């Protein structure tokens, strides 16, 4: 069984896509490690990369080429100053040279070093192959970016070798029924069971530190998006909307940083219609930052990064003005576990399952987490997750221009609203009378994914992507 930590599901990285940006970035790091382990790194004179399937079809819109260059250059997606990205890319373009792992110069012609192949490799829709050339040899390695920043390696001995660690959790969980059994046996909430698993691989102090860091990035992302105006890059001329929405919603309480901003919003008199607008504003803000190569948290992917922070922010500024870090911790633990159940039983990759695998899963994660914070039982938490996914089944991924903008940004707002609705419905549901268990909707989502036409799976070959001309935007 896979041992998937909350911190595997909630990763800090650069937008706009976890599968097309963060995954290839991490794959580049893995390739460098392979070369160092085999003592070939110092002999490399040139590097080329081949992108396949969805990585090729929407790679330029998703900045896959940029991510690969940054990964090969030794930059860390969690810490790289985002304002330096364009300068680093331009330096490679202008010189035809890449500083491999920031250690040595190698040949890298931006126009020819990365090749876009429309054919799909056998194992997964997101395939990429790295080739390093020495004076007398070439070394090739193939990886698959399987969604959420997860990377799988292909080699001659094991075509599906996985870099994830084998399960060492005291309470291994693959299905919702197993999670509920642990909750009943141990007389614990879902967040408490998940915490026990996390404590088996790191101290609670480290857990708290990392969860705080994740929330800080989420909050900073919402704050930045709400305070940045203009047009998103990429050619669609999409105007940032979070700024204008925030200007209309905000009150008069002063603030100068993200934490003070929370209290300022709490001081604002929020009417019913404004609740929906605030939640939408938070979600749009995150994904506008994501679309502009900003730093976000995969939740479970970059393209769906706005749902979870928007719903958590809703709880803190609307539902519970006394909410604190313990509430944030509880929310993220539950959300991460629900996401891992979907990853194990289905997929979190839009290239494999359409947008139901991203927005649908993020909405389910947020719904379940909110339900527990609002007092839901473990059974009701899973009902909330099921309801949220049930109403995203079949959602296609058809990004216009291959960009994570239209309809992706708005879908985060819709997913957040559905999550809140699902949590409220679950709280009023008797678990004895529920017709569809979470495990059933996970299995149904995977069957739907397999039945879905490939052109609706992040290829920009169907739906809105071909129904709307770029000149119309």
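Please treat every number below as a calculation from the coordinates, not as lab data. In this text the structure is predicted, and so the values were computed from the model without any measurement. With ideal geometry, Cβ positions are generated from the backbone for all residues, glycine too; neighbour counts draw on all protein chains shown.
For the range 216-240 and the range 317-352, what is the centre-to-centre distance using only Cα atoms, to the nearest Å?
Taking the Cα centre of the range 317-352 as reference, the centre of the range 216-240 is 23 Å away.
In terms of the Cα gyration tensor, with a ≥ b ≥ c the square roots of its eigenvalues, is the range 6-162 rounded because a/c is under 1.5, prolate because a/b exceeds b/c, or oblate?
Rounded, because the longest to shortest axis ratio a/c is under 1.5.
May I ask you to sort 17, 141, 349, 340 by Cβ crowding, counting other Cβ atoms within 10 Å and putting the fewest first?
141, 340, 349, 17
Need the C-alpha centroid separation for the range 249-299 versus the range 65-112, integer Å.
Answer, in whole Å: 33.
Taking neighbour counts of Cβ atoms within 10 Å as a proxy for exposure, in what order, fewest first, do 321, 246, 117 appear?
Final ranking by Cβ density, sparse to dense: 321, 117, 246.
Assign one of three labels to the chain, namely rounded, prolate or oblate, based on the Cα gyration tensor with a ≥ b ≥ c the square roots of its eigenvalues; rounded applies when a/c is under 1.5, prolate when it is not and a/b is larger than b/c, and oblate otherwise.
Verdict is prolate for the chain.
I need two numbers for the range 332-424: Rg to one decimal and Dmax as a whole number, Cα atoms only, in Å.
12.8, 43
For the range 262-337, just say rounded, prolate or oblate: build the C-alpha gyration tensor, square-root its eigenvalues into a ≥ b ≥ c, call rounded for a/c under 1.5, and beyond that prolate if a/b exceeds b/c, oblate if not.
The shape class here is oblate.
Counting other beta carbons within 10 Å of each residue's own, what order do 293, 382 fall into, fewest first?
Least crowded to most crowded, the residues run 293, 382.
Using only C-alpha positions, report the orientation-averaged shadow area of the convex hull of the range 304-358, nm², one decimal.
Average of the hull's projected areas for the range 304-358 equals 4.0 nm².
From the helices alone, meaning DSSP H stretches of at least four residues, give me the mean residue ellipticity at 222 nm for the chain, per-run term -39500 (n - 2.57), in deg cm²/dmol to the nearest 500.
Counting only the DSSP helices, I get -14500 deg cm²/dmol.
Taking Cα pairs under 8 Å and at least six residues apart, what relative contact order does the chain come out at, in percent?
Worked out over the chain, it gives 18 percent.
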